[in-house]
Amino acid sequence: MHFSLTSEDLAFRDGLRAWLAEHWREDWAKMRRRFPSQDEMFAFLRVWQRQLFDAGYVGLSWPRAYGGQGATIMQQAIFYEEIARARAPELPNVIGLDMAGPALISHGTPAQKDKHLQRILSGEHIFCQGFSEPNAGSDVAALQTRAVRGDGGFVVSGQKVWTTYAQYAEWCILLVRTDPAAPKHKGLTFVLVDMRAPGVTVRPIRQISGEPEFNEMFFDGVRVPDENVVGRVNGGWEVAITTLMFERGPRTISRQLHLRHAIDAALELAKHTPRGGASASADPVMRQRLAQLYIDTEALRVSNLRALTRMLRGEPPGAEGSAAKLFWSEAVQRVLELMLELQGPYAVLTQGSERAVEDGYWQQRFLRSRGDTIAAGTSEINRNILAERVLGLPKD
Ligand SMILES: Cc1cc2nc3c(=O)[nH]c(=O)nc-3n(C[C@H](O)[C@H](O)[C@H](O)COP(=O)(O)OP(=O)(O)OC[C@H]3O[C@@H](n4cnc5c(N)ncnc54)[C@H](O)[C@@H]3O)c2cc1C
């Protein structure tokens, strides 16, 4: 593992820092709350992605032939780190960049690549991920959405759920069952669905945080032409695995920085919160907890660097991805719980009192963080992976 950057990486980082200094001056975490609606926030993020694309910062590690920059994985990781450092927003087309794009690069036809790759980068084709169903989440291969042969393609019927930002997506990567007689992993096909096709209905679901980030999706006789099948018919599981491997790619490197920002805020709040005639930061138990959170973040940083080293060597992602996801999502919840504990009884106030801290910002983050231990593999599933692959325990 090398901790120092090459001169090219340093030059890239400095160029990006200068660009960000000129184009971004806010704290996104706070700014995002000022949008009157999520729709307006998403529209803003599309423009942000376009700006970064025009400046050559989107698809850094994608091949040039597909509109990328042919840069190193290290530079891609630097990009995510600098965005977090500048407290700028991430790119909104997460599914396009981290899942649909890599799946198309590995398994797509030339026509599919031509149609989508460049537009994924510019943000013209926002993608959503239609994998989970009401009865298929952790065990996604149990899905039941059916696709039957029709005129020049397939006709899709069924329901998906928890589909993040489906209401803004132009396209969906959809996993459907094409052979119900085959073993569950063998009868699946990976297709691209035009979200404006007749028969597609999207219904937003309001989360505990109040935001309708994810949705239910209904497919009622939706026509999917053959040209939208990615990989082999009934070979969808292989394609899905490619997307899930990329789900925990270089973007995760920035997570420990977001966590650090929250810990810094907790430290500040502890210093200014009265407790027992002094400040909460003088309380030995509180000091212990803050120090432990700081140690957790450092452990996460080093673990992320180990995962990055594997990627740089061209090795497949190891169990570090599961360890980092598990550790990060639970650490985020611990720090946000601490923020609320520090506020004591005032934690129930989000507005209307001078004791309400930052207009309920931490309360909102606390509620949103409940989903972090569920999305992209629950804590239990990640513990199973670690038990089996790292500790060599018997299979679940
Ligand atoms: C914020 C958020 C965004 C999401 N976005 C998307 C999206 O864009 N697209 C998409 O397709 N999905 C999305 N999901 C869905 C997500 O992938 C699923 O919620 C997740 O895989 C868990 O599936 P489930 O909700 O069906 O729970 P289940 O799989 O039914 O699990 C229920 C409980 O049982 C436990 N459990 C299940 N199996 C085991 C086992 N073998 N051993 C031990 N415990 C087990 C789980 O850990 C959990 O506690 C999102 C979820 C969230 C929270």
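The values are calculated or read from the model by the stated rules, or taken from the named source; none is laboratory data. These numbers were taken from a predicted model, which means no experiment stands behind them. Using ideal geometry, Cβ is built from the backbone for each residue, glycine included, and neighbour counts are taken over all protein chains shown. Only protein heavy atoms, including side chains, enter the accessible area calculation; ligands, DNA and RNA are left aside. Shrake-Rupley method; radii C 1.70, N 1.55, O 1.52, S 1.80 Å.
In region 348-370, of all residues being among the charged types (D, E, K, R) and more than 17 Å from residue 338 (Cβ to Cβ), the one that is farthest from the ligand (Cβ to nearest atom) corresponds to 354. For region 139-148, the set of residues classified as surrounded by fewer than 17 Cβ atoms within 10 Å (Cβ to Cβ) and either within 12 Å of the ligand (Cβ to nearest atom) or outside any strand (DSSP E or B) (or both) consists of 139, 142, 144, listed by residue number.
Looking only at helices (runs of 4 or more DSSP H) that lie completely in region 281-396, which have at least 1 residues being at pLDDT below 90, open to solvent by 60 Å² or more (accessible area, probe 1.4 Å) and of a type in the set (Lys, Arg)? Steps first, please.
Working: elements: 284-312, 320-343, 361-368, 379-385.
Ranges flagged: 284-312.
Selection within region 69-89: residues that are outside any helix (DSSP H, G or I) and under 21 Å from residue 10 (Cβ atoms). The member of this set that is least open to solvent (accessible area, probe 1.4 Å) is 88.
When residue 104 is tested against (1) within 16 Å of the ligand (Cβ to nearest atom); (2) within 19 Å of the chain's Cα centre (by Cα), exactly one condition is not met: (1). Of all residues in region 90-111, those being open to solvent by 10 Å² or more (accessible area, probe 1.4 Å) and either of a type in the set (D, E, K, R) or assigned to a helix (DSSP H, G or I) (or both) number 11. The single residue among 141, 169, 86 that is within 30 Å of residue 30 (Cα to Cα), touching a Leu at 6+ places or on another chain (Cβ under 9 Å) and at pLDDT 95 or above turns out to be 86.
Taking first residues from region 277-302 that are farther than 19 Å from residue 258 by Cβ and touching a residue at least 60 places away in the same chain (Cβ under 8 Å) and partners that are among the hydroxyl-bearing types (Ser, Thr, Tyr) and open to solvent by less than 60 Å² (accessible area, probe 1.4 Å), the Cβ contacts under 7 Å between residues at least 6 apart in sequence or on separate chains come to 280/273. Under the condition of being loosely packed, with under 15 Cβ neighbours inside 10 Å and within 13 Å of the ligand (Cβ to nearest atom), the residues counted in region 167-211 number 3.
A Cβ distance below 8 Å, combined with a sequence gap of six or more or placement on separate chains, defines the contacts here; from region 370-384, residues that are on the phi > 0 side of the Ramachandran plot reach residues that are open to solvent by 60 Å² or more (accessible area, probe 1.4 Å) and within 6 Å of the ligand (Cβ to nearest atom) in the pairs 377/138.
The lone criterion from (1) open to solvent by 40 Å² or more (accessible area, probe 1.4 Å); (2) among the small types (Gly, Ala, Ser); (3) in a helix (DSSP H, G or I); (4) out of contact with any helix residue (DSSP H, G or I) (no Cβ under 6 Å at 6 or more places or on another chain) left unmet by residue 15 is number (1). Among residues of region 149-163 that are in a strand (DSSP E or B) and charged (D, E, K, R), those with a beta-carbon under 7 Å from a residue that is open to solvent by 30 Å² or more (accessible area, probe 1.4 Å) and within 16 Å of the ligand (Cβ to nearest atom) at least six positions away or on a different chain give the pairs 160/132.
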